[in-house]
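Notes for the one structure printed next.
The values are calculated or read from the model by the stated rules, or taken from the named source; none is laboratory data. Predicted, not measured: the structure shown is a model, and the values here were computed from it. Neighbour counts are summed over all protein chains in view; Cβ atoms, including those assigned to glycine, are modelled from backbone coordinates with ideal geometry.
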Amino acid sequence: MIELLVVLAIIAVLIVVLLISIGSPANRAKDARSKKHLFELKVAFEEYYNDNYCYPPPTWFDDAADCNSDQFAPYIDRIECDPKTNLPYEIEYDGGGCDWFKVYTNLYYPDEELCSKYGGGSGDYNYGVSATNTEVTLNCGTSPSPTPSGSPIPTPSPSPSPSPSPEGDYYCQAIDNCAFYDNVVWTCTPNYTTANCDTECSWRTGACVLD
């Protein structure tokens, strides 16, 4: 009888270890998917602003029915929603919706670099992106509750920001095309601190990977 209890206890421990080992990569995949979605939204918001001098209306991102809709085309083919909640990502605007935006979510594994810059807030989210003329406020003590899994990660397609180009992170997206990228989400090589990529895009291109 005691031997049977010992065997059952060992089996229970092995099941727990197995569930942890399976669950962690699945949650990291969801985090990568959320980071990809927020980066794509940031780029799309900036492109929409360049064409319309205002950001897209909040009614496009305030209901579960907006998930997978094409109302933000051609800037985004379909609106992706948070894989952890199956609802649109949280989006904040200034009063008129034409000066700045912030997009938020919760990650299972908060981004340490982003938390060190913008953490310490009392909000409900531990990850976000924003227009370049404002900053997100994060509460890195929050975390989501579990759900289904991630998707492939594409190469970035950065676009000019509605506000003046900041000093910082640029890479050669194509020949003769120096583009700004978000160093919180992407690592690009080679990278430059000037908006003309030190004129090296006339003969070379760079590559980016998701952090």
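Observations, loosely collected:
- The residues of the stretch 74-107 that are within 14 Å of L138 (Cα to Cα) and touching a Pro at 6+ places or on another chain (Cβ under 7 Å), listed by number, are I91, N106.
- Residue satisfying condition, being loosely packed, with under 14 Cβ neighbours inside 10 Å and part of a loop (DSSP other than H, G, I, E, B), within set P74, P110, P56, P88: P74
Conditions (1) closer than 30 Å to N86 by Cα; (2) modelled with pLDDT of 75 or more; (3) not assigned by TED's automatic domain parsing to the domain that holds L87, marked per residue:
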residue	(1), (2), (3)
A131	yes, yes, no
C172	no, yes, yes
A195	no, yes, yes
V209	yes, no, yes
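- Residue match in the stretch 63-71 (condition: surrounded by 19 or more Cβ atoms within 10 Å (Cβ to Cβ) and either among the small types (G, A, S) or under 20 Å from F39 (Cβ atoms) (or both)): no
- Residue match in the stretch 80-87 (condition: basic (K, R) and more than 13 Å from A131 (Cβ to Cβ)): yes
- Condition check for Y48: buried (at least 17 other Cβ atoms within 10 Å of the Cβ), within 19 Å of A179 (Cα to Cα) and in contact (Cβ under 8 Å) with a residue 24 or more places away in the chain: yes
- Residues of the stretch 186-203 classified as part of a strand (DSSP E or B) and crowded, with 19+ Cβ neighbours inside 10 Å, total: 3
- Any hit, the stretch 24-37, residues being under 18 Å from Y127 (Cα atoms) and free of Cβ contacts under 8 Å to residues at least 40 places away in the same chain: no
- Being under 23 Å from C208 (Cβ atoms), surrounded by fewer than 16 Cβ atoms within 10 Å (Cβ to Cβ) and not hydrophobic (A, V, I, L, M, F, W, C) is a description that applies to K117.
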